Amino acid sequence: MNAFKILLLHGPNLNMLGRREPHIYGSLTLAQINATLTEHAEARGVQLLCFQSNHEGALIDMLQAEGWDAAGILINPGAYTHYGLALRDALASLSAPIIEVHLSNVYKREEFRHKSVVAPIATGQITGLGWRGYLLALEWLLAEARPGTSG
Ligand code: DQA
């Protein structure tokens, strides 16, 4: 049992990373990204709970079950970013810092991707830095949210 737990949530279609439009999303699979992040977290004594779903309700169920005692939440909501109000409300109910991560730079892409319903309730957003965006977000959480390490 680890006192410091971070959730890493991935929304719809992100289970297809590696095969899905690699010129946009990169060639790493979700399993590879999760493994790298988990190794990074565990080396720092932190538990990383990784979860992906193609269903908004399943992501909400996970947040309700695990989000209340999480020290931070990293989430790539996929297309729910742009219209997932129920997911947004579930995130907003939690007190832990939330970092919204996108592999691609959503602001350089189609206009419907320019709006995020999650961003207004997130602590911050990283977009366009590929899989390393998750690593940077994790680093920020470890530095800012870990008890006794703020400042
Ligand atoms: C994404 C961007 C979204 O617009 C898209 O629907 C995704 C992936 C990204 O990581 O760049 O599924 O969140």
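The values are calculated or read from the model by the stated rules, or taken from the named source; none is laboratory data. Only a predicted model underlies this, so the values are computations on that prediction, with no experimental measurement involved. Every residue, glycine among them, receives a Cβ derived from its backbone with ideal geometry; neighbour counts consider all protein chains shown. When the accessible area is computed, the model is the full protein with side chains, heavy atoms only, and any ligands, DNA or RNA have been set aside. Shrake-Rupley method; radii C 1.70, N 1.55, O 1.52, S 1.80 Å.
For the range 57-72, residues that are open to solvent by less than 70 Å² (accessible area, probe 1.4 Å) and touching a residue at least 40 places away in the same chain (Cβ under 8 Å) total 8.
Need pairs with beta-carbon distance below 8 Å; first residue farther than 22 Å from Leu37 by Cβ and within the range 74-102, second of a type in the set (D, E, K, R) and part of a loop (DSSP other than H, G, I, E, B); sequence gap 6+ or separate chains. Pairs found: His82/Lys115. Residues being surrounded by 19 or more Cβ atoms within 10 Å (Cβ to Cβ) and in contact with a His (Cβ under 8 Å, 6 or more places away or on another chain) are entirely absent from the range 83-101.
Restricting to the range 123-138, count the residues that are more than 11 Å from the ligand (Cβ to nearest atom), aliphatic (A, V, I, L, M) and open to solvent by 20 Å² or more (accessible area, probe 1.4 Å). Total satisfying the criteria: 2.
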